[in-house]
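Written below as structure tokens is the structure these notes are about.
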Amino acid sequence: VDFSEITAEKDPLFEHKEDDKLVGKRALQFLKWLMSRPEQRVAVVSHSVFLQCLFREFAHTLPEEYYTTRQDFAGMRTVAICPDTDGNSDPKA
């Protein structure tokens, strides 16, 4: 595991309460970073709220349960990320 992009010892958002809109915005930033990676298959481990907010940004393309309900403890979702029909691989560009 490569931790070279970790910039702080402590999580700067740990003490900060974000609303779902801000979490969704941060989730999109994460997705843009993830899509810039060279790997073809990636496992993402995250809090269910973060994934729920991310999936809500793509509600028109996902099953409703991905963004309307919180995932169970240690739940798993499989998602394929593909460029849009214009060949744009930048999410929400």
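The values are calculated or read from the model by the stated rules, or taken from the named source; none is laboratory data. In this text, all values refer to a predicted model and were calculated from it rather than measured experimentally. Note: ideal-geometry Cβ built from the backbone for every residue, glycine included; neighbour counts use all protein chains shown. In case anyone asks, the SASA skips ligands and DNA or RNA and just uses the protein heavy atoms, side chains included. Shrake-Rupley method; radii C 1.70, N 1.55, O 1.52, S 1.80 Å.
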Reciprocal of mean inverse Cα separation for the chain (Kirkwood radius, Å): 14.8 Å
Net charge over other residues, Cβ less than 14 angstrom from the Cβ of Val1 (K, R count +1; D, E count -1): -2
Accessible-area ranking of Glu39, Glu15, largest first, probe 1.4 Å: Glu15, Glu39
Surface accessible to a 1.4 Å probe, per residue, for the residues of the chain, Å²: 85 Å²
Accessible-area value, Leu51, 1.4 Å probe, nucleic acids and ligands omitted, Å²: 30 Å²
Count, lysine Cα pairs under 22 Å in the chain, 8 or more residues apart or across chains: 6
Ranking by accessible area, most exposed first, for Thr7, Thr61, Thr68 with a 1.4 Å probe: Thr7, Thr61, Thr68
Local net charge near Glu65, Cβ-Cβ under 15 Å (Lys/Arg +1, Asp/Glu -1): +1
His60, His16, ranked by accessible area, largest first (probe 1.4 Å): His60, His16
